[in-house]
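Chemist: Supplied in structure tokens, the structure appears directly below.
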Amino acid sequence: MPRNLWTRGIVVLVVLLGSVWYLYPPKQTLNLGLDLQGGIHLVLGVEVDKHVASQTDRAAEDLKAQLERKGIAVRRIAREGNATIAVELASPQAWNDLLTVAGEFQRFERRNEEPAAGRLRLVMSETEIRRLHDDAVRQGLETIRNRVDQFGVAEPVITRQGAERILIQLPGVQDPTRAKALIGRTALLEFKLLDERTPVEEALKGSLPESSEVLYQRRVDKETKTERKVPYVVQKRTLLTGAELTRAEVQADPNSPGNWQVAIEFTSTGTRIFGEVTEQNVGRHLAIVLDGNVYSAPRINERIPGGRAVITGQFTVDEARDLAIVLRAGALPAPVTILEERTVGPSLGADSVRQGLIAITASAAVVFVFMLFYYRLSGLIADVALGLNLLILFAAMAAFGATLTLPGLAGIALTVGMAVDTNILIFERIREELRLGKTPRSAVDAGFTRALRTIIDTHLTVMVTAAILYNFGTGSVKGFAVSLFVGLAASLFTAYFFTRLLFDLAYVGRRKVEAISI
Amino acid sequence: MIELFKNPNYDFIGKRKWAYYVSIAFTLLSLGSLVVRGGLRYDIDFTGGTLMQVRFEGAPSVAQVRASLTRIQLGEAVIQQFGDAREFVIRLPLAAVSSEEVARRVQAALGGDAQLGKFEIRRVEFVGPQVGRDLQLQAIYAVVAGMIGILLYIAMRFDLRGGVAAIIAVFHDVLVCLGALSLTNREFSLPVLAALLTIIGYSVNDTIVAYDRLRENRGRFVPKGRTFAQQMNDAVNQTLSRTILTSLTTFFSAAVLLFFGGKTLEDFAFVLFIGVITGTYSTTYIAAAIVVDWTQHVEGRLGRGKKAVAKA
């Protein structure tokens, strides 16, 4: 047996063994897409401008506080748009003091200065806005990752997509509604005092001071599922937020059997602030506000020194658990909206796997029989090559950690059809050479050599399209592109290199080959 | 040895005039259908909206499902039976409310209707307006980029004439596939786009095999007394059995997908099914034919030019 046959044989053997090694056991090595195993695919858009707006709000409050501390009277201080603070002094005489204070806000640039009127605008710089946008997405990503980790999902994918989007894939989640609520909620916890001077009726009619607003408490009747909204007049100023939390635990609600509550504990700073707030406001009501909804507004009976509080709201144990998770993981810096969602239940996934396998098996079977019938022994060789092609294809998917999707399975079924194209090209060429009167061996030689260029051309063009598809595609289409690409690469190896080897092996050692079965 | 064709020598290229009429007729038919129906019906992948796949325990009628959904007022719902009698796909247009709210309302409406019985929501897809627009753009980009990639590849490996002719053939195939989608009232979705791109690759595949053969023949010996049209016809004939066999196997694969691939893959398989047929046809009757006419035109001009020079 000639040396180069040995080498080629070893190459094939190595590929074969490598494939089996990567693929075994297939249930664990193959990465099934969400459409096959069930799960949630979410694309969230981060409302980055809201992060800028809230940072601007905070700066405006700081500015106001600093001016007040210096005894500078202000007529108006307000946010305009997302990134601008408009300031108007009560009297223009304090202009220079205003400039000094404003100078400390280095993230802002001074514009529209009117010293005579005591007016100016502070505009956040472009670089700062860009940085905040980026921060909002990065922090959001981190927070969501924390939440998902605590929720307990095996192998989640949480990545940034483009500038302002977050891609989340949670395989095998049984309760998508709950998972979405957990991920998508902003979870901004705020403590605010009730405005007890403004009657609720008045406030609902629209007459309330600028520093107050109406927020609602939602009460869902567990029997009738109807929602009741209770209005509260709340001071806009936030005294303390969930950022100062260290712990959040689920507890049974002692006052309402069967319901659960979340006990929270503040950081040392939080504890100090909470102590001060409760000390200064004994007798008033403190509203606990989550994402703009009032959960409760208990009366402050005395100073609370320990830095502990309880959030009640007739929660079920799951609701309380999820609330504790989002409080521990922290608030999202900016709200998120769902831009795209694809949820597949586990039963549908199983059906799809079955259908995909049937399709592959059926298309492979049809092609197998056809090749055997039409090309006899050579057809059998092509069939063996096709089998190896499928093996390598699956193994490569496992090795690269590529995801197998339903369109991916379709791509494989299609590869089966196209992979035999290579063999048909070669076989037809061999037949042609035989017709010209060549000996079987030289016909085989010529057939393989002449067909090679065509084969490379045909493979490369389809691989170009597959690459473009991959570049473009989202989830499932990407899966299709991957299996098509890998399938074609494998077919170059099996349909050309491997069949050639089999041909050579079949006719080697015989000095004179009378005829070949083709 | 089983042979489909023994030394085939059909006059394909000679009949190209007729083929042009056929191609134009099909193209016009496709365009006509697209125009009459007001363009393609896009799936929610491109328009945005919500899709829910629901399986009931019983087998309610579409009308029953529709009746229970009218109350939630989320716009015109498209309700289709999907696969078997118990399974339905509900498509809702983009609404002012959030996707969670849409899902919740549908669930409540179906659950509130005692006639429908128990059900399971097996799939929810929501595509927001932003993503839909992005996908539309990307789809166009993908098709155009695919064609440009192929054009460049062929222009590099063969010549520009071949590249342009191949692209015209591919364009025809895409149009016919879109026309077939429109005629059968199917939706243009992401999987359909994937199928279209595959067909682009497939159609070009065939064309390359013929070009390759032509180049090889011309490279081996300078054919005497055979016109370019005859040489092209030879190349097509020489690769005929390969073309038909490959088309058959791919056609089998597509047919199997169409009939056994399940409802989810149906439209995808349908496009492949049509595309394989038109892709095989367009290789000879569009790509090869155009190359022949183009070459004859150029050679004719050159010839006239020479005569003119000789006269002078």
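The values are calculated or read from the model by the stated rules, or taken from the named source; none is laboratory data. Fair warning: this is a prediction, and the values are worked out from it, not measured in the lab. We place every Cβ from the backbone using ideal geometry, glycine too, and count neighbours over all the protein chains shown.
Chemist: Only one of A:Thr198, A:Thr238, A:Thr278, A:Thr186 is free of Cβ contacts under 8 Å to residues at least 60 places away in the same chain and either in contact with a His (Cβ under 7 Å, 6 or more places away or on another chain) or closer than 30 Å to A:Leu141 by Cβ (or both). Can you tell me which? Please lay out each step first, then the result.
Modeler: On the way: A:Thr198 fails: either in contact with a His (Cβ under 7 Å, 6 or more places away or on another chain) or closer than 30 Å to A:Leu141 by Cβ (or both); A:Thr278 fails: either in contact with a His (Cβ under 7 Å, 6 or more places away or on another chain) or closer than 30 Å to A:Leu141 by Cβ (or both); A:Thr186 fails: free of Cβ contacts under 8 Å to residues at least 60 places away in the same chain.
The match here is A:Thr238.
Chemist: For the stretch A:1-86, which helices (runs of 4 or more DSSP H) that fit wholly inside it have 3 or more residues that are buried (at least 18 other Cβ atoms within 10 Å of the Cβ) and in contact (Cβ under 8 Å) with a residue 24 or more places away in the chain?
Modeler: Passing ranges, in order: A:3-23, A:34-37, A:48-69.
Chemist: Right, next: What number of residues within the stretch A:477-497 satisfy the criterion of being surrounded by fewer than 24 Cβ atoms within 10 Å (Cβ to Cβ) and farther than 12 Å from A:Thr415 by Cα?
Modeler: Looking only at that region, the number is 4.
Chemist: Out of all the residues in the stretch A:163-184, which are in contact with a Gly (Cβ under 8 Å, 6 or more places away or on another chain) and in a strand (DSSP E or B)?
Modeler: A:Arg165, A:Ile166, A:Gln169, A:Leu170, A:Pro171 - these are the residues of the stretch A:163-184 that are in contact with a Gly (Cβ under 8 Å, 6 or more places away or on another chain) and in a strand (DSSP E or B).
Chemist: A further question on this structure: Residue under question is A:Ile183, and the condition is that it be within 14 Å of chain B (Cβ to nearest Cβ), among the β-branched types (Val, Ile, Thr), out of contact with any helix residue (DSSP H, G or I) (no Cβ under 6 Å at 6 or more places or on another chain) and over 17 Å from A:Tyr295 (Cβ atoms); does it hold?
Modeler: no
Chemist: Based on what the data block shows, is A:Arg197 out of contact with any Lys or Arg (no Cβ under 8 Å at 6 or more places or on another chain), within 14 Å of chain B (Cβ to nearest Cβ) and of a type outside the set (Asp, Glu)?
Modeler: Taking the combined requirement at face value, the residue does not satisfy it.
Chemist: With A:Gly242, A:Gly258 as the choices, which residue is among the small types (Gly, Ala, Ser), surrounded by fewer than 16 Cβ atoms within 10 Å (Cβ to Cβ) and assigned by TED's automatic domain parsing to the domain that holds A:Arg299?
Modeler: Exactly one of A:Gly242, A:Gly258 is among the small types (Gly, Ala, Ser), surrounded by fewer than 16 Cβ atoms within 10 Å (Cβ to Cβ) and assigned by TED's automatic domain parsing to the domain that holds A:Arg299, namely A:Gly258.
Chemist: Something else now. Among the residues that make up the stretch B:168-189, is at least one of them under 29 Å from A:Leu452 (Cβ atoms) and over 10 Å from the mean Cα position of the chain (by Cα)?
Modeler: Yes, because at least one residue in the stretch B:168-189 is under 29 Å from A:Leu452 (Cβ atoms) and over 10 Å from the mean Cα position of the chain (by Cα).
Chemist: Now for a different question. Could you list all residues from the stretch B:239-261 that are under 18 Å from A:Tyr375 (Cα atoms) and touching a residue at least 12 places away in the same chain (Cβ under 8 Å)?
Modeler: Within the stretch B:239-261, B:Thr239, B:Leu240, B:Ser241, B:Arg242, B:Thr243, B:Ile244, B:Leu245, B:Thr246, B:Ser247, B:Thr250 qualify.
Chemist: When the residues of the stretch A:426-484 are narrowed to those that are among the basic types (Lys, Arg) and in a helix (DSSP H, G or I), which ends up farthest from the other protein chains (Cβ to nearest Cβ)?
Modeler: Of all residues in the stretch A:426-484, those among the basic types (Lys, Arg) come to A:429, A:431, A:435, A:438, A:441, A:450, A:453, A:478.
Retained after the next criterion (residues that are in a helix (DSSP H, G or I)): A:429, A:431, A:435, A:441, A:450, A:453, A:478.
On the way: A:Arg429: 8, A:Arg431: 7, A:Arg435: 7, A:Arg441: 17, A:Arg450: 7, A:Arg453: 6, A:Lys478: 9 Å.
Top of the filtered list is A:Arg441.
Chemist: In the stretch A:133-165, which residues are surrounded by 17 or more Cβ atoms within 10 Å (Cβ to Cβ), aliphatic (A, V, I, L, M) and either without any contact (Cβ under 8 Å) to a residue 24 or more places away in the chain or assigned by TED's automatic domain parsing to the domain that holds A:Asn96 (or both)?
Modeler: A:Ile158
Chemist: Next up: For the stretch B:103-122, which residues satisfy the criterion of being in a helix (DSSP H, G or I), within 9 Å of chain A (Cβ to nearest Cβ) and either at pLDDT 85 or above or in contact with a His (Cβ under 7 Å, 6 or more places away or on another chain) (or both)?
Modeler: none
Chemist: Which of the residues that make up the stretch B:125-153 are hydrophobic (A, V, I, L, M, F, W, C), more than 11 Å from A:Val464 (Cβ to Cβ) and buried (at least 21 other Cβ atoms within 10 Å of the Cβ)?
Modeler: B:Phe126, B:Val127, B:Val131, B:Leu135, B:Ala139, B:Ala142
Chemist: For residues in the stretch B:80-106 being surrounded by fewer than 18 Cβ atoms within 10 Å (Cβ to Cβ) and of a type in the set (A, V, I, L, M, F, W, C), which is nearest to B:Arg122 (Cα to Cα)?
Modeler: B:Ala85
Chemist: Another one. Restricting to the stretch A:338-397, name every residue that is at the interface with another protein chain (Cβ under 9 Å from one of its Cβ atoms), surrounded by fewer than 20 Cβ atoms within 10 Å (Cβ to Cβ), more than 41 Å from the chain's Cα centre (by Cα) and of a type outside the set (D, E, K, R).
Modeler: Of everything in the stretch A:338-397, those that are at the interface with another protein chain (Cβ under 9 Å from one of its Cβ atoms), surrounded by fewer than 20 Cβ atoms within 10 Å (Cβ to Cβ), more than 41 Å from the chain's Cα centre (by Cα) and of a type outside the set (D, E, K, R) turn out to be A:Phe370, A:Phe373.
Chemist: List, please: which pairs have Cβ atoms under 6 Å, are six or more places apart or on different chains, and start with a residue in the stretch A:334-345 that is outside any loop (DSSP other than H, G, I, E, B) and end with one that is among the β-branched types (Val, Ile, Thr)?
Modeler: Taking only residues 6 or more apart or on different chains, the pairs are A:Val336/A:Val46; A:Leu339/A:Val43; A:Leu339/B:Val131; A:Glu340/A:Val43; A:Glu340/B:Val127; A:Glu340/B:Val131; A:Thr343/A:Ile40; A:Thr343/B:Val124.
Chemist: Check whether at least one residue in the stretch A:211-218 is touching a strand residue (DSSP E or B) at 6+ places or on another chain (Cβ under 9 Å) and farther than 21 Å from A:Arg197 by Cβ, and report yes or no.
Modeler: Looking for residues that are touching a strand residue (DSSP E or B) at 6+ places or on another chain (Cβ under 9 Å) and farther than 21 Å from A:Arg197 by Cβ, one finds at least one in the stretch A:211-218, hence yes.
Chemist: So B:Val271 clears everything in (1) crowded, with 24+ Cβ neighbours inside 10 Å; (2) within 10 Å of chain A (Cβ to nearest Cβ); (3) more than 25 Å from B:Lys6 (Cβ to Cβ) except one condition, right? Which one?
Modeler: Going through (1) crowded, with 24+ Cβ neighbours inside 10 Å; (2) within 10 Å of chain A (Cβ to nearest Cβ); (3) more than 25 Å from B:Lys6 (Cβ to Cβ) one by one, B:Val271 breaks only (2).
Chemist: Here's something else I'd like to know. Does any residue of the stretch A:101-108 turn out to be more than 41 Å from the chain's Cα centre (by Cα), modelled with pLDDT under 90 and assigned to a loop (DSSP other than H, G, I, E, B)?
Modeler: no
Chemist: Sticking with this one: Quick one: which residue in B:Val236, B:Val256 is crowded, with 20+ Cβ neighbours inside 10 Å, assigned to a helix (DSSP H, G or I) and within 12 Å of another protein chain (Cβ to nearest Cβ)?
Modeler: Result: B:Val256 is the single residue among B:Val236, B:Val256 that is crowded, with 20+ Cβ neighbours inside 10 Å, assigned to a helix (DSSP H, G or I) and within 12 Å of another protein chain (Cβ to nearest Cβ).
Chemist: For a quick check of your reading: which strands (runs of 3 or more DSSP E) sit entirely within the stretch B:32-102 and have at least 2 residues that are under 25 Å from the mean Cα position of the chain (by Cα), under 27 Å from B:Gln136 (Cα atoms) and away from chain A (no Cβ under 14 Å)?
Modeler: Numbers: elements: B:49-56, B:78-82, B:84-92.
The qualifying strands (runs of 3 or more DSSP E) are B:78-82.
Chemist: I'd like to check something: does the stretch B:246-253 contain any residue that is out of contact with any Asp or Glu (no Cβ under 8 Å at 6 or more places or on another chain), part of a helix (DSSP H, G or I) and at pLDDT below 85?
Modeler: yes
Chemist: May I pose another question? Which one of these does A:Ala331 not meet: (1) assigned to a helix (DSSP H, G or I); (2) under 30 Å from the mean Cα position of the chain (by Cα)?
Modeler: For A:Ala331, the exception is condition (1).
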